[in-house]
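Presented below is the structure to which this report refers.
Every number here is computed from the coordinates shown, using simple stated rules; none is lab data. All figures in this text were calculated on a predicted structure; none of them were measured in a lab. With ideal geometry, Cβ positions are generated from the backbone for all residues, glycine too; neighbour counts draw on all protein chains shown.
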Amino acid sequence: MIGVLDIGGTNVRAGLVSEGGELVLSRSRLLPPEADARRFLEFICSFLGSLAAKSDEELTAIGAGSCGVIREGSILYSPNTSWKSLALAEALKARFQVPTTVVNDADSFAMGVFNCEFPGKYSALCALTLGSGLGGSLISRQGLVRGVSGVSPEIGHIKVRQGGVSCSCGGSGCLEAYVSKRALMSSYRRYGGDKDALSPYDVYQAFKRGDKAAEKAFATMGRFLGTGMATIFNLYAPPVFVLGGGISRAAKAFLPSARQALAKGVVKGLGPRPRVVVSRMRSRASLLGAALLARDSLESVLK
Ligand SMILES: [Zn+2]
């Protein structure tokens with residue numbers, strides 16, 4: 001049995017994946033508010049431990065996808081927290097005594113949609129997770145695409161506007177500064193939207209009621225998303241973009257403007273115009289992807 005985790009900015013989903021690759025159990029919990037690193041690690045370990053206790057089979061490995069910049073099993077930096085260099089893989093390994101793999105959550109999502117949601121359907125794809133931040137990952141039949149230094153590309157921080165809105169990375173004008181929960185909420189307010197709206201869910205409900213500010217906020221977000229996707233396409237030419245994360249549930253509200261900006265921004269001759277689809281598996285894809293990555297690294301250790 002492989003223990004799996006999908007750690008977001010506000011909640012965590014944990015699960016158990018069988019040797020046959022089936023998600024047999026999964027539960028979601030809110031992260032304790034303002035938890036420091038120690039409390040966060042305790043929370044993660046006891047959450048996964050409580051699921052593992054429900055199974056007759058022993059854990060053989062752990063795979064986790066987490067938001068933030070991940071290097072060698074540590075969360076170097078993560079949005080919504082003040083952690084620096086949090087050794088998550090080490091902590092899980094010490095608690096459960098099994099090999100542990102920790103990757104960026106966009107990577108685990110990409111792994112899941114590429115292998116489990118669309119097995120064999122595409123030669124490559126770009127997965128984008130729309131939530132507290134914007135995660136992105138590129139994957140092909142050769143595996144996850146890495147930069148020369150071995151780290152995942154930081155798709156959320158490609159620039160879409162010179163000197164634009166400040167970003168969680170310390171820079172400005174990044175794609176994430178225009179395509180994220182914070183970006184959507186602030187543009188909704190700027191367009192005169194309902195001040196009581198607290199989340200993208202509320203803005204989407206307003207959109208469905210025909211609220212003009214919600215329409216404008218989603219259209220603006222969509223345009224930036226499409227511009228970002230065009231840049232990615234011009235670099236890597238993935239035949240499809242797969243969207244996940246909480247805000248992807250509101251795709252109806254922003255996909256038309258995203259597709260329009262994408263079509264406008266792609267360079268002709270690179271390949272057929274890419275498709276944009278919304279994942280139906282969502283968090284299941286992330287958990288199955290984390291299990292596949294854990295199994296791959298377990299096999300490479302045993303070889
Ligand atoms: Zn940034």
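Below is a table of values for the structure above.
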| item | result |
| --- | --- |
| Whole-number percent relative contact order across the chain, with pairs defined as alpha carbons under 8 Å at least 6 apart | 20 |
| Residue exposure sequence - 42, 22 - by fewest surrounding Cβ within 10 Å | 22, 42 |
| Peptide ranges 125-136, 164-175 listed from the most packed, as the mean C-beta count within 10 angstrom indicates | 125-136, 164-175 |
| Over the chain: helical MRE at 222 nm, DSSP H runs n ≥ 4 each giving -39500 (n - 2.57), nearest 500 | -12000 deg cm²/dmol |
| Magnitude of the charge dipole, the chain, Cβ model with Lys/Arg +1 and Asp/Glu -1, debye to 20 | 1320 |
| Dimensionless Rg ratio for region 49-136, taking C-alpha atoms and the 2.2 N^0.38 Å reference | 1.23 |
| For the chain, alpha-carbon Rg over 2.2 N^0.38 Å | 0.98 |
| Contact order relative to length of region 124-277, as percent, for alpha carbon pairs under 8 angstrom and 6 or more apart | 25 |
| Scattering curve values for region 1-66, log₁₀ I(q)/I(0), Debye with Cα scatterers, q = 0.25 Å⁻¹ | -1.08 |
| Region 203-249 - charge dipole about Cα centre, Lys and Arg +1 at Cβ, Asp and Glu -1, debye rounded to 20 | 180 |
| Debye log10 I(q)/I(0) at q = 0.11, 0.18 Å⁻¹ for region 120-278, Cα point scatterers | -0.42, -1.07 |
| Unit charges on C-beta of K, R, D, E only; dipole of region 120-278, Debye | 400 |
| Positive-pole candidate from 23, 239, 192, dipole of the chain, charges at beta carbon | 192 |
| Fewest-first ranking of 92, 30, using other Cβ atoms within 10 Å as the exposure measure | 30, 92 |
| Prolate/oblate/rounded label for region 77-121 (Cα gyration tensor, a/c 1.5) | oblate |
| Cβ-based charge dipole, the chain, positive-most Cα from 115, 150, 133 | 133 |
| Rounded if a/c under 1.5, otherwise prolate or oblate - region 241-303, Cα gyration tensor axes | oblate |
| The chain - share of DSSP beta bridges that are antiparallel (%, nearest 5) | 60 |
| When each of 54/252; 159/181; 93/181 is checked by Cα-Cα distance, pairs over 28 Å | 54/252; 93/181 |
| Dipole of the chain, positive end: most advanced residue of 51, 89, 177 [Cβ charges, Cα centre] | 177 |
| Rounded to 5, the percent of DSSP beta bridges in region 120-278 classed as antiparallel | 60 |
| Footprinting exposure proxy for 184, 16 (fewest neighbouring C-beta atoms within 10 Å first) | 16, 184 |
| By average C-beta atoms within 10 angstrom, highest first, the peptides 145-158, 62-75, 247-260 | 62-75, 247-260, 145-158 |
